[in-house]
1. Those residues that are open to solvent by less than 100 Å² (accessible area, probe 1.4 Å) and either modelled with pLDDT under 95 or among the hydrophobic types (A, V, I, L, M, F, W, C) (or both), I need them from the stretch 101-122; list them, please.
2. Which residue out of Asp62, Asp82 is surrounded by 11 or more Cβ atoms within 10 Å (Cβ to Cβ) and under 32 Å from the mean Cα position of the chain (by Cα)?
3. Which condition does Ile77 not pass, out of (1) within 20 Å of the chain's Cα centre (by Cα); (2) at pLDDT below 95, if it passes all the others?
4. With Leu40, Leu48, Leu91 as the choices, which residue is part of a loop (DSSP other than H, G, I, E, B) and either exposed (fewer than 14 other Cβ atoms within 10 Å of the Cβ) or in contact with a Leu (Cβ under 9 Å, 6 or more places away or on another chain) (or both)?
5. Name the pairs whose Cβ atoms lie under 7 Å apart, with the first residue in the stretch 24-51 and over 17 Å from Val73 (Cβ atoms) and modelled with pLDDT under 85, the second surrounded by 10 or more Cβ atoms within 10 Å (Cβ to Cβ) and among the hydroxyl-bearing types (Ser, Thr, Tyr), and 6 or more positions between them or separate chains?
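The values are calculated or read from the model by the stated rules, or taken from the named source; none is laboratory data. Predicted, not measured: the structure shown is a model, and the values here were computed from it. Glycine gets a Cβ as well: all are built from the backbone with ideal geometry, and neighbour counts include every protein chain shown. The protein model used for the area step is the full one, side chains on, heavy atoms only, and it has no ligands, DNA or RNA in it. Shrake-Rupley method; radii C 1.70, N 1.55, O 1.52, S 1.80 Å.
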Amino acid sequence: MITSARRVSPDKPEVRISFSLDSTSGLNDAEEAHPAFPDLEQRLQPVLPCQSLKESVQVYKDHCKMAKEFRQVKIDIAQLEDRKKDLIAELVEDDGVTVEIARLNEEFRVLAEENRTLITVHMERARQLETLRGVSQKRQGSS
């Protein structure tokens, strides 16, 4: 504990300032121990407040709150980036499926056309066969 006393002017009373270099002494229950923010740059880390100044304590609390919010935002961003990667992978997969569907549709169209052609040729050949059978039977009947 370091104590300093100083008189600002001869007609003013002496002012005493005390502080400790121990990081846990002087902290009230609301502040607990000095929180660590390992993902925050060193220059942005909250600095322990001067307990005798309410404004210092309030700035420290606000700083800690913002550091926690910052950490949560970084976590949220990382989760959203992961989700983005997943969605891109799904989109690429969907694009591949779309290309495959288009290829299969084209293949089906070609095969259906070929099938219609084969059915037409089959019907023509069946008629020709019936015609030839009729001619063959007439020849056999006339012989």
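1. Going through the stretch 101-122, the residues open to solvent by less than 100 Å² (accessible area, probe 1.4 Å) turn out to be 101-102, 104-107, 110-115, 117, 119-121.
Correct list: Ile101, Ala102, Leu104, Val110, Leu111, Ala112, Ile119, Val121.
2. Details: Asp82 fails: surrounded by 11 or more Cβ atoms within 10 Å (Cβ to Cβ).
Selected residue: Asp62, the only one of Asp62, Asp82 that is surrounded by 11 or more Cβ atoms within 10 Å (Cβ to Cβ) and under 32 Å from the mean Cα position of the chain (by Cα).
3. The one condition Ile77 does not meet is (2).
4. Details: Leu40 fails: either exposed (fewer than 14 other Cβ atoms within 10 Å of the Cβ) or in contact with a Leu (Cβ under 9 Å, 6 or more places away or on another chain) (or both); Leu91 fails: part of a loop (DSSP other than H, G, I, E, B).
The unique qualifying residue is Leu48.
5. Correct list of pairs: Gly26/Ser20; Ala33/Thr24; His34/Ser23.
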